[in-house]
Every structure is written in structure tokens, then in C-alpha cells.
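**Student:** Handing you this structure, nothing more for now.
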């Protein structure tokens, strides 16, 4: 069975999952939209399609938007670059960066460029110049809090490796020229199963939403289809076996995911695989393809 066929097959199913606080967040954003000058939408460079809020334009209307692609150090840069070009052709400003190392200068430059027209419009109406008010939005666990903390220069937003850390909208003053509105992570009511697997594999949705074994098998299929060298180097997998248990045994034996008696513990294999993706040990991957 061709792995691409298997991956394509999961697109036909739809996952329904929409926590109430996310609907509330969308409503609150729309209620404060008249205060906002620019939107920073944060997406994960490894899943630049799956992590993009599909109804974002309905939420922010005609507000100018900058796409911030985080975790750029962990993605397949050649594949992610295709998405950068794609989004720029749609009219977005795009900044891709490693939040732990890279400067925010490119973001500041784009904000300043976009604020020129906003200031001119205010002046034409006899209004004084004021600080830029920036909405920071994105799905859970794509790096919004890390980005805000980097803007401030210290920890003001909670950071975690699980979705749902930020709970409320909150204004944060950066300096005399810039103010940010932080928001809880939001998703949409329904998404295709392939998207849900991508989100689950990178902790954007809670692990209990989808069976961990299904997520890991999907992840192995996808990595073998697009990054077989990575599986070979990390886990010794050279040939795909439709009996996934054979692959799990191979990973478990190589990485010491064993129970008493030296038997491979599948749950430990699942936990290991997701942990190594989340922590960037398995890197240079982009799961969304143009």
C-alpha cells in the first residue's frame, strides 16, 4: 500500500471538537477589533497550513495581518519556503524565525511600515499619533507566549508544552510606541482528520482528543513518505512494513522502550515518538505540503 495513498485517505474524515472558551475568545476579539491596528497571526513553520486559522479573515475583517512562522529552526526550510511564497502571494506579510535565537527586528520593521498608512489616516481626520495596538492570535502551542515574552524582554505570559495555557485576553504594554493584546489559542469547529493528526502530533490539541496510537502511526507513515532518511538515522527503519507492530518493535528495541522481560512497551514507543517531535529532536520536517 502506498503511503501517500494512506495519508491522502485520512482527509475524508472530519473531527468535530470545539471547546466553549474558543468561541468566547473569537467573540471577544471581534468586540475589541475597533481598537486593533495590526494582527500578528502566529503559525508553526512545520505545519504552516494546519496551524493557520481557517476563518481568520472572518474574525479580523480587513485588519492588516503579519504571519509569524515560529519554530523555523525545526522545519524543512525548502518546503516551508514554498508556503511563505504562497502566503505572500495571497497578500500576507510573512516573518519566519526561531524565537529562541532570532531578533524581532523584522517584525518591528513590518509593523512600522504598516503603521505609516494608519498614522496618515489618523492625521487626515485630525487625530493625534498614538502607539500601535497589535493583536497576537494563533492556535494553541505555536509560540504566542514565547513571542510576547520576547517582545517584553521578560516572562509575562505563561509558557507550556500543552494547549490551553493562556485563558483570557490581556493588554501588555511593550513600550511607548507598542501595545499587544494577548489571546488564548483558538481553533475552528471542524477540521479534516489529516489536519487533526498534524495538530495532535505537535501538541496544538490535547492528546486525549485522538488515540495516541493512531496519531503515532500517522506520524510514522508521513515521516516515511517524506523523510525516510530521518527514520533510518533515528530508529533504524529502512523498509516500511504494513504490520506497524514490526516497526514499533524495531523502534522500541533500538531506543529501549521496554517493559519487564525485555518486551517492547508500545505505549512507551508512542510517548517517545511524540516527545521527540514536540521537543524538536526529530527536526527538519514540514508535515504540510503544497
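**Student:** Under the condition of being on the phi > 0 side of the Ramachandran plot and within 30 Å of the chain's Cα centre (by Cα), which residue from the stretch 257-290 is surrounded by the most Cβ atoms within 10 Å (Cβ to Cβ)?
**Tutor:** That would be 284.
**Student:** Next question, about the same structure. Out of contact with any helix residue (DSSP H, G or I) (no Cβ under 7 Å at 6 or more places or on another chain) and either closer than 22 Å to residue 174 by Cβ or part of a helix (DSSP H, G or I) (or both), is that true of residue 129?
**Tutor:** For residue 129, the condition - out of contact with any helix residue (DSSP H, G or I) (no Cβ under 7 Å at 6 or more places or on another chain) and either closer than 22 Å to residue 174 by Cβ or part of a helix (DSSP H, G or I) (or both) - is not met.
**Student:** With respect to residue 195, determine if the residue is more than 22 Å from residue 112 (Cα to Cα), surrounded by 15 or more Cβ atoms within 10 Å (Cβ to Cβ) and modelled with pLDDT of 90 or more.
**Tutor:** Yes, satisfied.
**Student:** Need the failing condition index for residue 99 against (1) loosely packed, with under 12 Cβ neighbours inside 10 Å; (2) closer than 13 Å to residue 147 by Cβ, just the number.
**Tutor:** (1)
**Student:** Tell me, please, whether a residue that is at pLDDT below 95 and assigned to a loop (DSSP other than H, G, I, E, B) can be found in the stretch 118-125.
**Tutor:** The answer is yes; a qualifying residue exists.
**Student:** May I pose another question? Can you tell me which condition residue 44 does not meet? The list is (1) modelled with pLDDT under 60; (2) touching a strand residue (DSSP E or B) at 6+ places or on another chain (Cβ under 8 Å), and all the others hold.
**Tutor:** Of everything listed in (1) modelled with pLDDT under 60; (2) touching a strand residue (DSSP E or B) at 6+ places or on another chain (Cβ under 8 Å), residue 44 misses just condition (1).
**Student:** Related question: Name the single residue, out of those in the stretch 198-214 being surrounded by 22 or more Cβ atoms within 10 Å (Cβ to Cβ) and not in a loop (DSSP other than H, G, I, E, B), that is nearest to the chain's Cα centre (by Cα).
**Tutor:** Step by step, filter the stretch 198-214, then rank; the result is 199.
The values are calculated or read from the model by the stated rules, or taken from the named source; none is laboratory data. If you're wondering where the values come from, they're calculated on a predicted model, not measured in any experiment. Cβ coordinates were reconstructed from backbone atoms using ideal geometry, including for glycine residues, and neighbour counts include every protein chain displayed.
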